[in-house]
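Input: one structure, supplied below.
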Amino acid sequence: MVRRDFGPALATIDWDQDIDQSTIRVSSDVEEAVARDIDWTLKKGELEYAFGCTLFSYDDIPPFEIGPVRFEPRVDWLDRKASDDRWARVGPGGRIERFSEKIADGMISKITHRRILRTWKGEKLKRRMSSADAHDEKFILEAIGDCQYVCSVNVPGFGGDTGQHKAVLAARLAQATVSLIWENSSMALDGISLLAERKRPYGRTLAFTTEGLMLANGLGAKRLHAPWVDKEELAEIINDFSGCFTVAGEAIAAYLDPDGGSERPALMNAVVHALLWFYEGCRETVDQIAIVKFSSAMEVLTEGFVWKAGNGKKQKGGQPAIRELLKINLGIDEDNVITRDGKTAKEVVELIYSAGRNRMIHGENKALGNDWSIERAIAEKLSRYSLVTHLGRVSENPLFDNPKQLWQKDGG
């Protein structure tokens, strides 16, 4: 911002005047310009970032929002952008010119709108002459790609790399929230992704047996959308999850705007951390590290619960806190058997938290070479159930602004 405002100020220098006076005037002009820019950014500086994304197996699920994040079919998004008013334009030298009245009926021209729709229908169009409109068309087609949905994120007061980074993270948090609809959230997230973040393309691998057989396998994500769900059932599920979406949206808004995004920042901070750990756990390719992340997602939700150790000292987090979380949120006592092989909740938590998490973090996991896929699945399931229930309880208690209240309500 400062660098941008220096140019016009330096251009006004009269080299015949005293250098000290010129320095004072340039400094004053820059300060005034920066102050105007800051004031505009605070009042009207919100940016809406748009990402092509894969979502459902249908391409016409109505738009829905998770706080500042909006998911909508790409045609709906394009229609919206073609009808939003335009109040500014890029002038000579790349400087933004702002006007007191709208200068166009849409951010995207009617010609660009028609051409993009035709391209999405599979038509082959003639190449356009170089122009601002032609560049808009090119950038939109590149950003949305073959994705049937667009994920839009409204970020207040940020630009450049910072704003884009926050928008991407907000989109991930919203994707994690949507994935909670499915029992297997990690499978859902294999098919829910931003076009700009497709880092795991599907690839072919080969294996050869000692008997001379060649086996072909796949590596990476091949899913083009989340698992199929009947359209009417999906609409009902989205409606049933509206409370979870509302709380997650409030948490995402608090992340994007720490000073004014939520009136209960402590609760929302825990939700953001839990969703982020859960998202990373679902995306993780190494089972043991995924367990670390799912355990962290659950431990974050124990904020506000305090227990006494054997030495009488008060402690936070750890296995006792997670066991209490399962008891309060899911009604699971520590001696309840919760696995097919007869493990109790206490044994499962110890396996996940101690053997899976702590020893992995400290490099003491002697069973690192074992198959941890079953433990990973259990950790994911427990963290998902805990998150869904936690979001529901926060939604049911809109006046709660302290994590401790969630425990006190149940006598914790």
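Filter the range 108-119 for residues that are in a helix (DSSP H, G or I), out of contact with any Gly (no Cβ under 8 Å at 6 or more places or on another chain) and surrounded by 16 or more Cβ atoms within 10 Å (Cβ to Cβ) and give the result.
Hits for the range 108-119 are Thr112, Arg115, Ile116.
Checking Thr177 against (1) among the β-branched types (Val, Ile, Thr); (2) without any contact (Cβ under 8 Å) to a residue 24 or more places away in the chain; (3) under 30 Å from Leu391 (Cα atoms), which single condition isn't satisfied?
Failed condition: (2).
So, Gly392, is that one small (Gly, Ala, Ser), modelled with pLDDT under 90, under 30 Å from Ile66 (Cβ atoms) and outside the structural domain of Leu173 (by TED's automatic domain parsing) or not?
Here the answer is no, as Gly392 does not meet what is asked.
Turning to a different aspect of this structure: Looking for something of a type outside the set (Ser, Thr, Tyr) and without any contact (Cβ under 8 Å) to a residue 60 or more places away in the chain - is there at least one such residue anywhere in the range 380-387?
Within the range 380-387, none of the residues are of a type outside the set (Ser, Thr, Tyr) and without any contact (Cβ under 8 Å) to a residue 60 or more places away in the chain.
Now for a different question. Just to be sure, is Ile61 surrounded by 17 or more Cβ atoms within 10 Å (Cβ to Cβ), modelled with pLDDT of 85 or more, closer than 27 Å to Asp259 by Cβ and not charged (D, E, K, R)?
No.
If you take just the helices (runs of 4 or more DSSP H) that sit entirely in the range 339-412, which of them hold at least 1 residues that are in contact with a His (Cβ under 8 Å, 6 or more places away or on another chain)? Walk me through it before giving the result.
Numbers: elements: 345-349, 373-396, 403-408.
Answer list for the range 339-412: 403-408.
Looking at Glu350, is it closer than 21 Å to Ala188 by Cβ, at pLDDT 90 or above, surrounded by 13 or more Cβ atoms within 10 Å (Cβ to Cβ) and over 25 Å from the mean Cα position of the chain (by Cα)?
The answer is no for Glu350.
Got at least one residue in the range 300-316 being part of a helix (DSSP H, G or I), of a type outside the set (D, E, K, R) and in contact (Cβ under 8 Å) with a residue 12 or more places away in the chain? Give the derivation first.
Taking the range 300-316 as the starting set, the residues that turn out to be part of a helix (DSSP H, G or I) are 300.
With the extra rule that they be of a type outside the set (D, E, K, R), the set shrinks to 300.
Filter again for in contact (Cβ under 8 Å) with a residue 12 or more places away in the chain, leaving 300.
Yes, the range 300-316 has at least one match.
Let me ask something else about it. Being under 19 Å from Asp146 (Cα atoms), modelled with pLDDT of 80 or more and in contact with a strand residue (DSSP E or B) (Cβ under 9 Å, 6 or more places away or on another chain) is the filter; apply it to the range 173-206 and report the residue that is surrounded by the most Cβ atoms within 10 Å (Cβ to Cβ).
Across the range 173-206, the extreme among qualifying residues is Gln175.
Can you give me the number of residues within the range 257-278 that are surrounded by fewer than 19 Cβ atoms within 10 Å (Cβ to Cβ) and of a type in the set (S, T, N, Q)?
Matching residues across the range 257-278 total 1.
Which one of Asn370, Asn336 is polar (S, T, N, Q), at pLDDT 90 or above and surrounded by fewer than 16 Cβ atoms within 10 Å (Cβ to Cβ)? Break it down into steps so the answer makes sense when it comes.
Values: Asn370 fails: at pLDDT 90 or above.
Exactly one of Asn370, Asn336 is polar (S, T, N, Q), at pLDDT 90 or above and surrounded by fewer than 16 Cβ atoms within 10 Å (Cβ to Cβ), namely Asn336.
The values are calculated or read from the model by the stated rules, or taken from the named source; none is laboratory data. Bear in mind the structure is a predicted one, so any value in this text is a computation, not a measurement. Backbone-built Cβ (ideal geometry, glycine too); neighbour counts: all protein chains shown.
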